[in-house]
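Contents: one structure, followed by commentary.
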Amino acid sequence: MTLLKADHITKSYAGVHALRDASFELRAGEVHALVGENGAGKSTLIKALTGAVIPDSGEILLDGTRITENSPGISKSLGIAAIYQQPALFPELTVAENIAIGQERDGSVFGMVNWARRKQRAKELLDRIGARISPEQIAAELSMPQQQLVEIARALGANARVLVLDEPTASLSEDDTRNLFRVIRELRASGVGMIYISHRLEELPAIADRVTVLRDGQTIDTHEMADVSSKQLIQLMVGRELSGVFPKREVPRGEVVFELRGFGSREAGIRGIDLTIRAGEIVGIAGLVGAGRTELAKTIFGLVPPDTGVMLLRGKQITIGHPSEAIDLHISYLPEDRRRHGVVLDLPISSNITLASLKHLSGFKGMNFRKEKEIAAEYTRRLGVKTPAIYNAVSTLSGGNQQKVALSRWLVTQPAVLILDEPTQGVDVGSKAEIHELMMELAEQGVAILMISSELPELLGMCDRIAVMNGGTIAKVFDRTDATQDLILSAALGH
Ligand SMILES: Nc1ncnc2c1ncn2[C@@H]1O[C@H](COP(=O)(O)OP(=O)(O)OP(=O)(O)O)[C@@H](O)[C@H]1O
Ligand SMILES: [Mg+2]
């Protein structure tokens with residue numbers, strides 16, 4: 001039975017065709033995956049369904065009835081809920097308050113809020129999805145996966161019949177992913193229809209019933225999930241075949257560029273870190289969420305003060321009290337939470353790309369705009385940033401393309417040490433391969449690279465050595481030749 005239908009939807013933004021005659025159909029009780037390259041139009045299609053974007057032409061039908069007027073409020077009242085790429089809770093409110101928002105009938109009488117009732121309701125909803133979260137907790141204190149579960153509970157509380165999940169697993173650990181899948185399966189069994197967007201094609205067979213491929217704003221095809229391989233999906237998405245092989249090449253290892261000895265920070269919860277990276281070497285950091293991987297990167301970069309041990313650059317001891325000092329020493333850090341820290345949404349793409357290299361670009365004659373343009377043009381081309389013009393604001397880019405801009409900025413700084421925190425998160429398969437190739441080229445130029453990743457195949461495919469963190473310290477270091485997925489996992493678990 002068709003629950004929700006997008007019929008021949010077209011939407012343009014100032015010359016960019018985000019959607020071109022796209023059609024999509026969701027059944028009750030199915031998980032329908034939506035895949036496509038960065039900028040293919042996935043989020044735009046979702047926004048059209050949820051009333052956040054009004055299409056130039058085309059129709060949205062719910063239970064066969066055309067929704068003539070749409071807005072986020074109307075769509076919500078019709079039972080359509082969306083969980084977007086970034087969590088949308090009110091950080092300073094409690095879980096119960098967040099869940100109560102958007103639910104008209106929550107037992108409040110004459111404007112008086114019935115707190116006990118709200119808490120009870122929140123608890124019921126959280127229990128229903130097996131989330132062990134207290135209704136009284138402040139949303140800002142929750143982890144990303146916990147916030148996601150609260151959003152799902154809120155959607156259920158609003159009696160959602162359609163639930164849209166836009167890249168829900170992009171920053172989830174394997175455990176949290178498994179838990180989310182359990183919740184999704186239960187919702188499916190109760191008849192909720194779900195649209196599931198993901199760049200992790202390998203997880204789709206485990207969760208999706210059908211899959212629709214978008215390319216350049218057009219819906220290319222819909223298949224039963226069981227009938228397509230990920231290879232076929234990739235071909236449909238990018239219109240060509242990809243090798244699927246990591247572009248790893250042997251690079252002669254140079255001098256030790258970067259070294260940590262007994263490095264630690266109580267504030268960051270890391271201790272006793274010994275680590276060396278040679279020129280041309282790619283060292284990976286594996287570990288579960290909370291193992292201290294991002295905290296280590298932040299401490300190196302001067303965002304958190306270290307209190308023990310030493311840090312050396314080419315054998316000389318250095319101290320970094322602030323990120324600007326790190327940048328002066330040619331140590332660069334691409335943060336994990338790029339949507340918040342990696343890009344300046346209101347600035348043009350070109351300025352974002354050259355932001356960290358302003359010192360090199362501005363001489364006594366002022367800013368070298370021609371150079372800025374050249375650099376920005378080169379990187380947008382190489383990483384395939386999908387945009388009609390490099391002076392458009394970054395906010396006009398799709399999520400994955402914003403990510404590529406954040407990465408470009410650090411590539412331009414010509415770093416000696418490059419720290420990458422989840423560099424390919426939310427990036428489509430084709431661009432992922434391009435980022436890996438760029439990493440390899442930097443290694444060949446002698447850059448020392450530290451890469452944090454939750455994707456073990458990526459670490460195994462790209463790194464010369466892999467350090468596994470557990471409980472704030474390095475539990476084990478594997479050489480490329482003897483690292484396996486199982487060995488890394490068991491070290492990460494502390495076995
Ligand atoms: N507000 C906007 N202004 C201008 N262009 C926009 C705007 N929103 C989206 N676009 C453009 O529409 C196209 C589709 O973007 P959309 O966000 O739907 O892609 P996506 O498939 O969700 O990609 P990703 O996987 O990177 O999240 C992109 O080229 C994007 O730059
Ligand atoms: Mg998107």
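Since every read-out is calculated from the coordinates, none of them should be taken as a lab result. Bear in mind the structure is a predicted one, so any value in this text is a computation, not a measurement. Positions of Cβ are backbone-derived with ideal geometry, glycine not excepted, and every protein chain shown enters the neighbour counts.
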Taking the dipole of the chain about the Cα centre (Lys, Arg +1; Asp, Glu -1; charges at Cβ), the one of Leu236, Ala483, Leu156 that reaches farthest to the positive side is Leu156
Between segment 422-438 and segment 287-332, the alpha-carbon center distance in angstrom: 25
How many nm separate the modelled label positions at Asp337 and Glu59, each set 7 Å beyond the Cα in the direction of the Cβ? 4.4
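Out of the GluC sites (Glu not before Pro) in segment 1-44, which ones are loop residues according to DSSP with at most 16 other C-beta atoms within 10 Å?
Passing sites in segment 1-44 do not exist.
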Exactly which GluC sites (Glu not before Pro) in segment 243-351 are in a DSSP loop and have at most 13 other Cβ atoms within 10 Å? Glu250, Glu255, Glu267
How would you order 438-451, 54-67 from highest to lowest mean count of nearby Cβ atoms within 10 Å? 438-451, 54-67
Give me a comma-separated list of calculated 3J(HN,Hα) values for segment 165-171, in order, Karplus coefficients 6.51, -1.76, 1.60 applied at θ = phi - 60°, integers in Hz, x for any Gly or Pro. 10, 9, 6, x, 9, 3, 10
Out of residues 5 or more away from Asp221 or on other chains, whose amide H comes under 5 Å of its own, with H placed 1.01 Å from N in the peptide plane? Val213
Suppose the chain between Ala88 and Glu250 were pulled fully straight at 0.36 nm per residue; how much longer would it get relative to their current alpha carbon spacing? 53.9 nm
Are there trypsin sites (Lys or Arg not before Pro) in segment 112-203 that DSSP marks as loop and that have at most 12 other Cβ atoms within 10 Å, and which are they? Arg132
Cα extents of the chain along the principal axes, largest first, in whole Å, come to 69, 50, 48
Would you list, by chain and number, the lysines whose Cα falls below 24 Å from the Cα of Lys371, excluding same-chain residues fewer than 8 positions away? Lys359, Lys386, Lys404
Looking at the chain only, what percent of DSSP beta bridges run antiparallel? Nearest 5 please. 60
Using the 10 angstrom Cβ neighbour count as an exposure proxy, how do Trp115, Trp410 rank, fewest first? Trp115, Trp410
Any chance you could run the full-extension gain for Asp221 through Ala393? It's 0.36 nm times the residue separation minus the Cα-Cα distance, nm to one decimal. 58.8 nm
For Asp127 and Arg185, calculate 0.36 nm times their separation in residues minus their Cα-Cα distance, and state this gained length in nm to one decimal. 19.3 nm
Filtered pair list for segment 2-238 (Lys only, Cα < 26 Å, 8 or more apart or interchain) has a length of 11
